[in-house]
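Here is the structure we will look at.
The values are calculated or read from the model by the stated rules, or taken from the named source; none is laboratory data. Keep in mind the model is a prediction, meaning the values are calculated, not measured. Here the Cβ positions follow ideal geometry from the backbone for every residue, glycine too, while neighbour counts run over all protein chains shown.
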Amino acid sequence: MEIDGKTRVVGIIGWPVSHSLSPLMHNAAFRHLRLNYCYIPLPVAPEKIGEAVRGLEALGFVGANVTIPHKEAVIPYLAELDVGAELTGAVNTIVRTPAGLKGYNTDVDGFLRSLKEDLGFVPIGKKVVILGAGGAARAAVVALALAGAAAIVVLNRNPARGRALCELLAPRLRERGWQGELTAFPLPPEDEEKVFQGANLLVNATPAGMEGFTAELPLPLEQLPGELVVYDMVYNPPMTPLLQECRRRGLQAVNGLGMLLYQGAAAFTLWTGREAPVEIMASVLAKQVENQ
């Protein structure tokens, strides 16, 4: 599609943002549906985030994605939050509405859809262990709780940060009617067998295994139940040490490319009102990751 006077603009705010695959994914989707939209990278230094968010509305952007380190920082500049963004305290998608800018967290829906499509996993009544206590872990906790998980265990190198995540999210989830159990332990756990007893899903929400990230995941895998399934949110490289070890042991395990895909598909629909061409978007992502 040619850019002209009627082209509608969206983008991604981050610092840095040059590594993002979202421009490739969304522009391929726009071309496929012949929509007159353009998706651009928007590198924004932390001290400029307020000006940048206000500028989206002033410049007539349809909306934007938000990535590290701005997912929390954008919130004071938005007029409204959806349930996912309110519960997680983080925004990854902004939509311009007549009432102002509205923040969403499509990571929540994207994660759940990827669990179902890529692992065949339904959280209702299940026990889940999550590694990490950052923004990705918060999205996972909220998604799993809203989907009916019975117990969620957060493991983090800094135990205080894990406890803080539970203290932040538990009351918000209770207000939404969730009656499950949310607990935090150190990583690695002192009693690994107890932590993983009865667990159905392990989620890695840390950067361990990511391209350019050298720290290893401090989790011996010998005690993992044989029926456990594993979701590694890292997608670059597509085969992480965690996935390699899990598959060597015969555990069903997938990377986080599906979460990137489905959170993007949800954002696409919010901006355009059209169903996202998921197969086209998935093809572009897969090719790009393979070639990196």
Among the candidates Leu257, Leu182, Leu251, Leu243, which residue alone is crowded, with 18+ Cβ neighbours inside 10 Å, under 30 Å from Val91 (Cα atoms), out of contact with any helix residue (DSSP H, G or I) (no Cβ under 8 Å at 6 or more places or on another chain) and without any contact (Cβ under 8 Å) to a residue 60 or more places away in the chain? Leu243
Within segment 149-179, work out how many residues are part of a loop (DSSP other than H, G, I, E, B) and either in contact (Cβ under 8 Å) with a residue 60 or more places away in the chain or in contact with a Phe, Trp or Tyr (Cβ under 8 Å, 6 or more places away or on another chain) (or both). 2
In the list Ala64, Ala45, which residue meets the criterion of being modelled with pLDDT of 95 or more, touching a Leu at 6+ places or on another chain (Cβ under 9 Å) and either in the same structural domain as Gly273 (by TED's automatic domain parsing) or surrounded by 24 or more Cβ atoms within 10 Å (Cβ to Cβ) (or both)? Ala64
Write out, first by first residue and then by second, each pair whose Cβ atoms fall under 6 Å of each other, whose residues are 6+ apart or on separate chains, and whose first residue, in segment 260-282, is within 22 Å of Arg96 (Cβ to Cβ) while the second is part of a helix (DSSP H, G or I) and aromatic (Phe, Trp, Tyr). Ala276/Phe268
With out of contact with any strand residue (DSSP E or B) (no Cβ under 6 Å at 6 or more places or on another chain) and either of a type outside the set (A, V, I, L, M) or surrounded by fewer than 24 Cβ atoms within 10 Å (Cβ to Cβ) (or both) as the only criterion, which of Gly50, Gly103 stands out? Gly50
Does Pro220 satisfy the criteria of being in contact with a helix residue (DSSP H, G or I) (Cβ under 6 Å, 6 or more places away or on another chain), closer than 14 Å to Leu155 by Cα, assigned by TED's automatic domain parsing to the domain that holds Arg248 and assigned to a loop (DSSP other than H, G, I, E, B)? no
Subset of segment 184-217 [in a strand (DSSP E or B), of a type in the set (S, T, N, Q) and more than 21 Å from the chain's Cα centre (by Cα)]: none
Name the residue, out of Gly125, Gly103, Gly110, that is part of a loop (DSSP other than H, G, I, E, B) and of a type outside the set (Val, Ile, Thr). Gly125
Those residues of segment 87-100 which are crowded, with 17+ Cβ neighbours inside 10 Å and either not assigned by TED's automatic domain parsing to the domain that holds Gly60 or not basic (Lys, Arg) (or both), in sequence order: Leu87, Thr88, Gly89, Ala90, Val91, Asn92, Thr93, Ile94, Val95
Out of (1) assigned to a helix (DSSP H, G or I); (2) in contact with a helix residue (DSSP H, G or I) (Cβ under 7 Å, 6 or more places away or on another chain), what's the single condition that is false for Leu115? (2)
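Here's the yes/no breakdown for (1) buried (at least 16 other Cβ atoms within 10 Å of the Cβ); (2) assigned by TED's automatic domain parsing to the domain that holds Val128; (3) touching a strand residue (DSSP E or B) at 6+ places or on another chain (Cβ under 7 Å):
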| residue | (1), (2), (3) |
| --- | --- |
| Leu165 | yes, yes, yes |
| Pro171 | no, yes, no |
| Glu192 | yes, yes, no |
| Val195 | yes, yes, yes |
| Ala208 | yes, yes, no |
